[in-house]
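Data first, discussion second: the structure below is written as structure tokens.
The values are calculated or read from the model by the stated rules, or taken from the named source; none is laboratory data. All values reported here derive from a predicted model rather than from experimental measurement. Methodologically, a virtual Cβ is constructed for each residue, glycine included, from the backbone with ideal geometry; neighbour enumeration extends over all protein chains shown. The accessibility values were calculated without ligands, DNA or RNA, using every heavy atom of the protein model including side chains. Shrake-Rupley method; radii C 1.70, N 1.55, O 1.52, S 1.80 Å.
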Amino acid sequence: MPSEWTAVAVEPGGGKPTSTEWEPVEVPGQPDAFAGAERVAYRTTFADPRDPDEATACLRLRGVYAGGEVWLNDDLVAEPDAVFDPVRVPFEPEAENELVVECHAPDDRFGGIHDTDRVPAEDSVPGVWWGVDITTHPETFVVTVDATPRLSEETAAIDAAVEVYAGEPVDDRLTLTTKPAGERRGRGMMDRASVSAAAGERATVEHTIELRDPSLWWPRELGAQNRYEVRAKLDDDVATATTGLATVSETDDGLAVNGQPLGIRGVTLSDATVADIERAADLNANLVRAHAHALPEDVYEACDEAGILVWQDLPLTGPGIFDIGRGRKLAARLGRTYAGHPSLAAFGVHDPTDLFESRVGSGFLDRLRFRWRVWRGNYDWEPAEEVAEAFPDSTPVYPVVGEPGTDPDAAALYPGWDYGGVDDLSWVRERYDLGEVVGEFGAGALGSGAGGGNDDGDSDDIAGFDRAKHDAVVDGGGVEASQAYQASVVGGVAERLRADGARVVVANGLRDTDAAGMGVYERDGTEKVAAESLTSAFEPLQAFLTDPSPGQSDVVVVNDTPQERSVTVRWAAGDTDGQADGTVGAVGRTTVETVSLPADATEATLALVSGDREVANTYSL
């Protein structure tokens, strides 16, 4: 891989960029010096990388945002038009080589979250974001292997598509070896397929690998993350791909993986990294939603390994019309790009947020009525539904994530932030018939360096954070009060959604993109107070108070595990306490007791015991 790069901002339509003002930069990356630029060109030179016994090379680019043009030794060799489109260009190197990649910001609606003010400008610089590699090969070699699993009651198979570059005419046999991936032991299988191509051609060989007695991939709380490695060999050249066998379907009881119902506890990712997957697991989440952006390949691989499901959005967000045909093409390509990952669980198309000012009218009902009038009169869901049809039939799709009154496929709920408070949640869901899928909820909070008592005056411009909305619900107190309020809203909404039986519960979000935001982690990964409250609310087996205030409240036990559980719940509030026993079915919930919380109590605690599992839950009354 070339190690020294330079860059320059350029104007469109000029052919291969030439300049005398190139600045040193690091690639892959997003150089801060070009924040706000519409087009940035990157240049590097490199010597012939081949050893004496190697004939050709292959340029590989990943994450060209949001599209661009690639020149190699003065030839235009690729024009990617989406960040998830990989570039693979076989070439014969010269003694000295020049690579120029011009990257441009989106010129349509499909830049996703990086084309909004939810992400800082320095994190949206057009560039090669994920990776650059130059590999060397013999005259004819395997460019890539795509492995797509296919599982039904009758069939377990992997559809392999092997792309071969023929530097010289080829008429040969390709060997495909399939074996358990990682540390799993098991006997491999060998298949052969014919490949034929003229000199200079790229041929794709398709072959179906039938699997006997397959080992399935499971989310982490249901089973093991079994996967298979597919190895394609042509003479001495080898390429591999890893995949897993799993199905995800929608049932009356929610999502099911391999036919096993699963309660979904998720968090949204705004600008994902591999480390975010471990953070999601620490929160007891079993799903991440890639909010209006495509995840890098290494993040998907981390989800496959960790047993974390992925809800993958199309890079599309905000109000306004969009090109349906372009959306359908991108949806089909997005589906094919990530089809090999067993963690892929659902797709989303559009979340037309910010269609109207959130604080219209003087009260809670005024704001909701305004929403209902605007959406009912002015928005049409049909474009999103047409785009949704282009995704694979085998994967659930939520065309629209929307707010109360919009009749969405998945609800965006912000009591305590946009309107009312946590206590209004059940009423809003019932009044607007929002169903059992919640695609986002939450509240924002300041980070440890984002203002509060020592406000530096810059926090009004923090990406992804509405400071005016924050100040309307947080009554002073700086960072401590801000994070305490966020924790009460995020934990409270998560608990009530689960206690009410919501099938899919996704919090917005995991980690801030700037110095404050909707995340329960700060930008650098530091925990906010809300991380602890969400972790407790997302315990797979947990007991909740349905009304944590003085007076009567039901104690509900929610069980997201695949086994029926016998439980004992001990409770205490003020000078009263008690104990109740019960049984809760697999992926179910039950009321085990109705308790009376004293008027003078300031705190209530629940302790749930089931076998060797014990969890606690504490409420401030």
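Yes or no, residue by residue, for (1) part of a helix (DSSP H, G or I); (2) of a type in the set (S, T, N, Q); (3) crowded, with 18+ Cβ neighbours inside 10 Å:
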position: VAL100; (1), (2), (3): no, no, yes
position: ASP117; (1), (2), (3): no, no, no
position: GLU122; (1), (2), (3): yes, no, no
position: VAL125; (1), (2), (3): no, no, yes
position: TRP130; (1), (2), (3): no, no, yes
position: ASP133; (1), (2), (3): no, no, no
position: VAL145; (1), (2), (3): no, no, yes
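Could you identify the single residue in SER553, SER533 that is part of a helix (DSSP H, G or I) and buried (at least 16 other Cβ atoms within 10 Å of the Cβ)? Just a single option satisfies the conditions, and that option is SER533.
Among the residues of segment 332-357 satisfying the criterion of being among the hydroxyl-bearing types (Ser, Thr, Tyr) and part of a loop (DSSP other than H, G, I, E, B), which is most open to solvent (accessible area, probe 1.4 Å)? Outline the logic, then answer.
Taking segment 332-357 first, the residues among the hydroxyl-bearing types (Ser, Thr, Tyr) are 337-338, 343, 353.
Then keep just the ones that are part of a loop (DSSP other than H, G, I, E, B); that gives 343, 353.
Working: SER343: 0, THR353: 16 Å².
Only one residue tops the list, namely THR353.
As for segment 148-166, it holds at least one residue that is in contact with a strand residue (DSSP E or B) (Cβ under 8 Å, 6 or more places away or on another chain) and polar (S, T, N, Q).
Restricting to segment 577-586, what's the tally of residues that are assigned to a strand (DSSP E or B) and open to solvent by less than 50 Å² (accessible area, probe 1.4 Å)?
Applying the first criterion (assigned to a strand (DSSP E or B)) to segment 577-586 yields 577-584.
If we keep only those that are open to solvent by less than 50 Å² (accessible area, probe 1.4 Å) too, we end up with 578, 580, 582, 584.
Summing the residues that are assigned to a strand (DSSP E or B) and open to solvent by less than 50 Å² (accessible area, probe 1.4 Å) in segment 577-586 gives 4.
Would it be correct to say that VAL257 is under 22 Å from ARG498 (Cβ atoms), open to solvent by less than 50 Å² (accessible area, probe 1.4 Å), at pLDDT 95 or above and not basic (Lys, Arg)? Explain how you work it out, then say what you get.
Numbers: under 22 Å from ARG498 (Cβ atoms): yes; open to solvent by less than 50 Å² (accessible area, probe 1.4 Å): yes; at pLDDT 95 or above: yes; not basic (Lys, Arg): yes.
Spelling it out, VAL257 is indeed under 22 Å from ARG498 (Cβ atoms), open to solvent by less than 50 Å² (accessible area, probe 1.4 Å), at pLDDT 95 or above and not basic (Lys, Arg).
Would you point out the residue of segment 13-23, among those that are surrounded by 13 or more Cβ atoms within 10 Å (Cβ to Cβ) and assigned to a loop (DSSP other than H, G, I, E, B), that is modelled with the lowest pLDDT? Write out each step before concluding.
Our first condition is that a residue be surrounded by 13 or more Cβ atoms within 10 Å (Cβ to Cβ); within segment 13-23, this holds for 16-17, 19, 22-23.
Next cut, assigned to a loop (DSSP other than H, G, I, E, B) only: 16-17, 19, 22.
Numbers: LYS16: 89, PRO17: 87, SER19: 81, TRP22: 95.
For segment 13-23, the residue satisfying everything is SER19.
Applying the criterion of being at pLDDT below 95 and small (Gly, Ala, Ser) to the residues of segment 597-621, the residue that is least open to solvent (accessible area, probe 1.4 Å) is ALA601. Restricting segment 396-433 to residues that are open to solvent by 10 Å² or more (accessible area, probe 1.4 Å) and among the aliphatic types (A, V, I, L, M) leaves a set whose member that is modelled with the highest pLDDT is VAL397.
Of all residues assigned to segment 231-248, none qualifies as being touching a residue at least 60 places away in the same chain (Cβ under 8 Å), out of contact with any strand residue (DSSP E or B) (no Cβ under 7 Å at 6 or more places or on another chain), closer than 21 Å to ILE308 by Cβ and open to solvent by 50 Å² or more (accessible area, probe 1.4 Å). Residues that are of a type in the set (S, T, N, Q) and either free of Cβ contacts under 8 Å to residues at least 60 places away in the same chain or under 15 Å from ALA515 (Cα atoms) (or both) within segment 457-498 comprise SER459, SER482, GLN483, GLN486, listed in sequence order.
Are any residues in segment 24-69 polar (S, T, N, Q), more than 25 Å from the chain's Cα centre (by Cα) and open to solvent by 20 Å² or more (accessible area, probe 1.4 Å), and if so, which ones?
Going through segment 24-69, the residues polar (S, T, N, Q) turn out to be 30, 44-45, 56.
This time we only want the ones that are more than 25 Å from the chain's Cα centre (by Cα), so: 44-45, 56.
The answer is THR45, and nothing else.
Looking only at segment 131-143, how many residues end up being under 20 Å from PHE46 (Cα atoms) and touching a Pro at 6+ places or on another chain (Cβ under 7 Å)? Of the residues in segment 131-143, 4 are under 20 Å from PHE46 (Cα atoms) and touching a Pro at 6+ places or on another chain (Cβ under 7 Å). Check whether at least one residue in segment 316-331 is buried (at least 24 other Cβ atoms within 10 Å of the Cβ), under 10 Å from the mean Cα position of the chain (by Cα) and within 24 Å of HIS114 (Cα to Cα), and report yes or no. Scanning segment 316-331, I find no residue that is buried (at least 24 other Cβ atoms within 10 Å of the Cβ), under 10 Å from the mean Cα position of the chain (by Cα) and within 24 Å of HIS114 (Cα to Cα), so the answer is no.
Being assigned to a strand (DSSP E or B), out of contact with any Leu (no Cβ under 8 Å at 6 or more places or on another chain) and surrounded by fewer than 15 Cβ atoms within 10 Å (Cβ to Cβ) is the filter here, so list the residues in segment 177-214 that pass it.
Within segment 177-214, the subset assigned to a strand (DSSP E or B) is 177-180, 189-197, 202-210.
Next cut, out of contact with any Leu (no Cβ under 8 Å at 6 or more places or on another chain) only: 177, 179-180, 196-197, 202-204, 206, 208, 210.
Residues satisfying the conditions are SER196, ARG202, THR204, GLU206, THR208, GLU210.
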